[in-house]
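Q: Just dropping this structure here.
Bear in mind that the values in this text are calculations on the coordinates, not laboratory data. Please read all numbers here as calculations on a predicted model, not as lab measurements. In this analysis, Cβ positions are derived from the backbone assuming ideal geometry, glycine residues included, and neighbour counts consider all displayed protein chains.
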Amino acid sequence: MGSCDINMAKLIPILMSRGQAGRSITAIAGAPGSGKSTLAEALVTALNREEPGSAAVLPMDGYHYDDLVLNIRGWRARKGAPHTFDVAGFAAMLQRLVSNADAEIAVPVFDRSLELARAGARIIAQSVRHVIVEGNYLLLDSAPWAALRPLYDTTVFLDVPEPQLIARLETRWAALSPADRAAKMDGNDLPNVRQVVRESVAPEFRVTSV
């Protein structure tokens, strides 16, 4: 079955309906710079406007390996690539959120200003019915990421043309020297962008703009 193109306004009532009977997990995937966090936060704001306290975000980036681990393994230059995440830890948290057996769950959040994850930086209460999970690799069709898909009730992919992604990423790294920016883009960001686009499975819904 192919993906259905949709915008945020049409997606909101679908998510509201799917969260009526209990907790619903929505995965928002897309390449670096596609606007995943922007869409996720906008959906949570809209859902909470309809019913306060009903929605929260789980960012995949909270499961980055720390630089201490990346340096030991020689992966620091590829930070943000699929193999630089604690996928097993992320899966365990998703399972815990799906089970929803605890009064509240503390989840990590990545602090981009410090380039590290803050443990327990966000609380998701048992009353939250809409958990919006966002991350680059949520729909990768390869181990260990593919094993996460049964945990999602809804899948969304942000489909943004590569030139637009490149422009956004260059803006993100504008403070770097030209040589460092080129190394960041060509050595890490662009390979990650292309892997997400080529190796992600078809989502239920496809969004082309936020």
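Q: What number comes out for the charge environment of V57, summing +1 per Lys or Arg and -1 per Asp or Glu over other residues with Cβ under 12 Å away? Could you put the intermediate results ahead of the total?
A: Working: positive: K36, R122; negative: E41, D61, E134.
Neighbour charge sum, excluding V57 itself: -1.
Q: Can you work out the Karplus-derived ³J(HN,Hα) for every residue in region 30-45? Use 6.51 cos²θ - 1.76 cosθ + 1.60 with θ = phi - 60°, whole Hz, and x for glycine or proline.
A: x, 6, x, x, 7, x, 4, 5, 5, 5, 4, 5, 5, 5, 4, 4
Q: What are the residues whose amide H is under 5 Å from the amide H of L116, where those residues sit 5 or more places off or on another chain and H is modelled from the backbone?
A: D111
Q: Pick from A21, A42, A119: which residue has the top mean-square fluctuation in a GNM of the chain where Cα pairs under 10 Å get a spring?
A: Highest fluctuation of the listed residues: A21.
Q: Right, here's the next one. Could you work out how far apart the two model spin labels at E104 and R118 are, taking each label as a point 7 Å from the Cα in the direction of the beta carbon, and quote it in nm?
A: Here the answer is 1.5 nm between the modelled labels.
Q: Arrange the following residues from fewest to most other Cβ atoms within 10 Å of their Cβ: S209, S54, S113, S34. Mind dumping the intermediate values first?
A: Working: S209 11, S54 18, S113 5, S34 25.
Listing S209, S54, S113, S34 from fewest to most nearby Cβ atoms yields S113, S209, S54, S34.
Q: Also, quick follow-up: Can you give me the C-alpha center-to-center distance between region 187-210 and region 33-92, rounded to a whole angstrom?
A: After rounding, the separation between the Cα centres reads 15 Å.
Q: Where the convex hull is taken over the Cα atoms of region 108-197, what is its projected area averaged over directions, in nm²? If you can, show how the numbers build up before the last one.
A: Numbers: hull surface 30.7 nm².
Across all orientations, region 108-197 yields a mean hull projection of 7.7 nm².
Q: Kindly put M60, M16 in sequence by how many other C-beta atoms sit within 10 Å of each C-beta, fewest to most.
A: Numbers: M60 24, M16 18.
In order of increasing Cβ crowding within 10 Å: M16, M60.
Q: Taking neighbour counts of Cβ atoms within 10 Å as a proxy for exposure, in what order, fewest first, do I132, I25, I123, I12 appear? Show your work: numbers first, answer last.
A: Numbers: I132 27, I25 20, I123 12, I12 17.
With the sparsest Cβ surroundings first, the list reads I123, I12, I25, I132.
Q: Indicate, rounded to the nearest 5 percent, the antiparallel portion of the DSSP beta bridges found entirely in region 4-207. Intermediate values should be presented prior to the final figure.
A: Values: 9 of 30 bridges.
Approximately 30 percent, going by the DSSP bridge assignments.
Q: Hey, in the GNM for the chain with a 10 angstrom Cα cutoff, which one of R129, R96, R23 fluctuates hardest?
A: The residue with the greatest mean-square fluctuation here is R96.
Q: Right, next: For A42 and A179 in the same chain, what is the full-extension length gain: residue separation times 0.36 nm, less their Cα-Cα distance, in nm?
A: Values: separation 137, 0.36 × 137 = 49.32 nm, distance 3.48 nm.
Net length gain for the segment: 45.8 nm.
Q: In Å³ and rounded to a whole number, note down the convex hull volume per residue for the Cα atoms of the chain. Mind dumping the intermediate values first?
A: Values: hull volume 26.0 nm³, N = 210.
It is 124 Å³ per residue.
Q: Length gain on complete extension for the stretch D141 to E50, per 0.36 nm per residue less the alpha carbon to alpha carbon distance?
A: On the way: separation 91, 0.36 × 91 = 32.76 nm, distance 3.43 nm.
This chain segment gains 29.3 nm when fully extended.
Q: Here's another thing I want to ask about it. Calculate, axis by axis, the spread of Cα positions in region 47-127 along the three principal axes, and write the results as whole Å, longest axis first.
A: 45, 26, 18
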